[in-house]
Structure formats: C-alpha cells, structure tokens
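Following: one structure in structure tokens, then a few remarks.
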Amino acid sequence: MHSIREADVVIALGTRLSPFGTLPQYGEEYWPKNAKIIQVEADPRRIGLTKSVDVGICGDVRLATEELTRHLQEGWMECRETSAERLDTLNKRRMTWSSNLDAMTNAHVASATPDRVRPRQALRELELAMERDSIVSTDIGNICSVANSYLKFSHVGPSLLAAMTFGNCGYSLPAVMGAKTAAPHRNCVSYAGDGAWGMQMNEIMTCIREEIPVTAVVFNNGQWGAEKKNQVLWFGDRYIGSQLPNPWSYAEIARSMAAEGITCTHVDQVGDALVTASENQRQGKTTVIEIMVTKELGDPFRRDAMRLPFRHLPKFRNTIQTSESETGQPTDL
C-alpha cells in the first residue's frame, strides 16, 4: 500500500479499477492522488469508467504487456538508477507488513466463547497447511475479506478466485467446483462464512453426484459479519437481520450428503483438518471443514459509503449516534 501510494505511474493491467480495489485499507488512503494512470483493458467501456486515466489502451493484456515490456527494455529511464534502492525499500516494507500481520494474528481479544477460534488465527493455520499449488476461492463476507492477506501461492497461473465487486453471495463453492473441473490435478479449496454457506451448501450433493472432489471451509460464527460490522460501527449495535443462530453442525450436514465432515473448535485442529481434507481430495472425496470461530470482526467493506445516521423523526432521536463504536467489535463478542 505504501509503495503504490508513492508511485509516479500506475500501470493497471486488466482491471476496472473498481472502488473495492482502490478504497482505503487498514485506515490508509493508499491510492495515489497525483500519479499518472495507464489502464489496459479489453472492454472499452471500462477504460476510465471509475478512475480518470492518462493513457487508456484497449486490447489484450498479454499482448499489451509484451509490447510495453519491449519498449521499457529498449528505452532509457531515469528511475533505473535508483531501482536497487527502491527494491530494498519494497522488501523492507514487505517484512514490516508481515510483522504487522503477525501482531494482528496473535493479538489477544477477549471472547465470551473460549471454545472457538479467532478468525485470524484460523486463517493463519490454513495458510500454513495450504498446498502451494492450490486454487482458493473466497466468498463475500467479513472473514473472507480478511483472508486475502493470508493467501500465498507459488503456482504459475490463476490461483485466487474471489467475488470482489460482483458481491455475489454463495460464490465460492460453485467457483471452486468449476476450477476443479478445469484443473483436476490441483488442490481446490473454498472459503465461506456461515451466512454465504447457507446459499450454496446444497452443491455438496452436486460434488458427490458428479464426482468433483473439493474442500470447503466454513467459518461458523453465527452472524452475517459484513452487515453486522456496519451495525456495530454506525448503528449503535442494534442488530437487525445479522444474527444467525445455528443449532446444527455443517460438518454433520456434509456427512449426511455422503461427503466428509470435520469440525474444529481449537486452533490446533485447523491445520490438521486441511491436510486431511487435501488427502481426501486426492482420493476423490469432498470434505467440509467447519471452523467454529469467534464473533470478532475485521474492517468494513465500504467505509466510504457509510456514515453516522441522523434521525429526523422525534421518536427515533434516542438512536442518534455521535461517534463510531470505540471497540469496533460486537457487544456479543
């Protein structure tokens, strides 16, 4: 984020530069205000649609990148004289970010549910146990948005599938089923919260019927996290439609569909569960890993789109909020 904020030129390859990709993250306004923007996009309608660009290139990203690279290699650029220094700065920032992420992962957050796993700790254990050639799809939701910081890939080729600006709830399992069909030799894993999982878990039956072995990770925290985060910050913790009592086990439901089901209630169980599920996948079996996580929430999606409401009708004046939540966490954490 620091590096792109200081950039003189941003080359945007195959991206719409949508709001979701350029909004402040972790409280930082990282999108550069004065940089020149070069956007390469196959759809001419998307060029300059959400961000003003200085140069718009309508074309294939691969061909455009090859041509841009050739010109850069042939010409002289003043910035090459400081390339070693800037690469050193970039590596230091990566190390700093890694340390910051470790601190957030290991921070102590008091919870009323000690038999559950903190979301960030679950994501770290999944990261450590994930096979590096995996394809991972993430759904909408608060935990899934945090998950992007914990995913690392070494495979050359598409490895991350995400709903992103589409915001289509119930995306992750169907997406990873398609990925497994296209690349049956790769380990395919989906992430979803319990809210989004309710819109797609029936597709486990399709995995069994059509013999599409995948791994589905379900973060069970009993809430619509993204919506609840808005209610925490701006609506005085008045929870409407965001609580999800789950008196059932998603792992048991998976087993009733002839899939494998594993429930994790402690952080030490998460990595082993993913290793087992990956081996099951090689044997042609689909596995649902249900991780019982706390109600801790990460940053909101659209801080730019939300603000403290003002109540004009007298009967609602008692609900006026004068400031955001001090903790940023739900009262039932």
Note: residue 210 to residue 320 extended length (0.36 nm per residue) minus current alpha-carbon separation gives 34.3 nm
Protection proxy (average C-beta count within 10 Å per residue), highest first, orders 238-244, 164-170, 184-190, 113-119 as 184-190, 113-119, 164-170, 238-244
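Quick check: residue separation of residue 106 and residue 45 times 0.36 nm, minus the Cα distance between them. What number comes out in nm?
Numbers: separation 61, 0.36 × 61 = 21.96 nm, distance 4.43 nm.
That works out to 17.5 nm of additional length.
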Taking the Cα atoms of region 42-142, report the difference between the largest and smallest coordinate on each principal axis, in whole Å and largest first. 59, 38, 31
Using per-residue counts of other Cβ atoms within 10 Å, averaged over each peptide, order 100-109, 52-61 from highest down. 52-61, 100-109
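Ignoring ligands, DNA and RNA, what percent of the 1.4 Å accessible area of the chain is carbon and sulfur? Each step should come with its number before you reach the end.
Details: 9880 of 18220 Å².
Of the solvent-accessible surface of the chain, carbon and sulfur hold 54 percent.
Probe radius 1.4 Å, ligands and nucleic acids left out: which of 272, 194 has the largest accessible area, and how do the rest follow? Working shown, then result.
Values: 272 105, 194 5 Å².
From most accessible down to least: 272, 194.
Chymotrypsin sites (Phe, Trp or Tyr not before Pro) within region 263-333: which are DSSP loop residues with at most 10 other Cβ atoms inside 10 Å? Kindly include the intermediate steps, with their values, before the conclusion.
Numbers: sites: 301, 310, 316; in loops: 301, 310.
Answer by residue number: 310.
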In whole percent, what relative contact order does the chain give with Cα contacts below 8 Å and a gap of six or more residues? 15 percent
Using only the heavy atoms of the protein chains and a 1.4 Å probe, how would 30, 191 rank by accessible area, largest first? 30, 191
Rounded to the nearest whole Å², what accessible area per residue is found for the chain with the 1.4 Å probe? 55 Å²
Provide, in order from the shortest bin, the percent of all Cα-Cα pairs of region 110-152 in each 5 Å bin, continuing until the bin that contains the maximum pair distance. 5, 21, 28, 22, 14, 7, 3, 0
Read through the labelled values (1) 19.4, 72; (2) 25.4, 89; (3) 22.0, 70 and report the label of the one computed as Rg and Dmax of the Cα atoms in Å from the structure. (3)
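The values are calculated or read from the model by the stated rules, or taken from the named source; none is laboratory data. Source: prediction; values computed, not measured. Note: ideal-geometry Cβ built from the backbone for every residue, glycine included; neighbour counts use all protein chains shown. Ligands, DNA and RNA are excluded from the accessible area calculation, which covers all protein heavy atoms including side chains. Shrake-Rupley method; radii C 1.70, N 1.55, O 1.52, S 1.80 Å.
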